[in-house]
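This report refers to the structure that appears directly beneath it.
The values are calculated or read from the model by the stated rules, or taken from the named source; none is laboratory data. Since the model is a prediction, treat every value here as computed from it, not as a measurement. Positions of Cβ are generated from backbone atoms using ideal geometry, with glycine treated the same way; all protein chains shown enter the neighbour counts.
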């Protein structure tokens, strides 16, 4: 083989190897968990748990003799926590591209639940505003029950995601400490 052909041949192999290494490291970087997303998930969990607490309190109010104003206060508190959670979820959506595949999937699973909760909460607030004297009757009780169910589902989902993240991080730290080969897979 002539020298020039050998240089091109080995140069081409080197370019392929370099491209392969660059692609591999880029793919690994994309699959690495995002600390920013982990932090935002913890923040979202806090708001979700608070919304769930207010939804539970509100549900219990339907069997009490409390005024419609007491219901309105709980609904307003819940709305504030849902709105705060919405802001955090918006930040999660913006950070989504830098997350690992499981983090992206987690964000995708939270979004529809948050939309459903916000819609249900709006419906409940409208019903209370239109029917203040009917806080012990069927429709309002159904609305408060649905609020609790949705708030509970999103709080549980986000809590489970945060706990998975913590367990995964702890396992990876142990692998590094013991110098074990990492799993190499971010699938759930």
TODO: Enumerate the pairs (first residue in the range 63-79 and more than 18 Å from residue 51 (Cα to Cα) and assigned by TED's automatic domain parsing to the domain that holds residue 141; second residue anywhere and modelled with pLDDT under 95 and surrounded by fewer than 16 Cβ atoms within 10 Å (Cβ to Cβ)) with beta-carbon separation below 7 Å, excluding pairs fewer than 6 apart on the same chain, so at least 6 apart or on different chains.
DONE: 68/132
TODO: Among what's in the range 133-146 and is over 23 Å from residue 110 (Cβ atoms) and in contact (Cβ under 8 Å) with a residue 24 or more places away in the chain, pick the residue that is surrounded by the fewest Cβ atoms within 10 Å (Cβ to Cβ).
DONE: 133
Open item on the list: Go through the range 85-108 and report how many residues are under 30 Å from residue 128 (Cα atoms) and out of contact with any helix residue (DSSP H, G or I) (no Cβ under 8 Å at 6 or more places or on another chain).
Closed with: 2
Task: Condition check for residue 82: touching a helix residue (DSSP H, G or I) at 6+ places or on another chain (Cβ under 7 Å), under 30 Å from residue 173 (Cα atoms) and at pLDDT 95 or above - done: no
TODO: Being surrounded by 13 or more Cβ atoms within 10 Å (Cβ to Cβ) and over 30 Å from residue 54 (Cβ atoms) is the filter here, so list the residues in the range 147-170 that pass it.
DONE: 168, 169
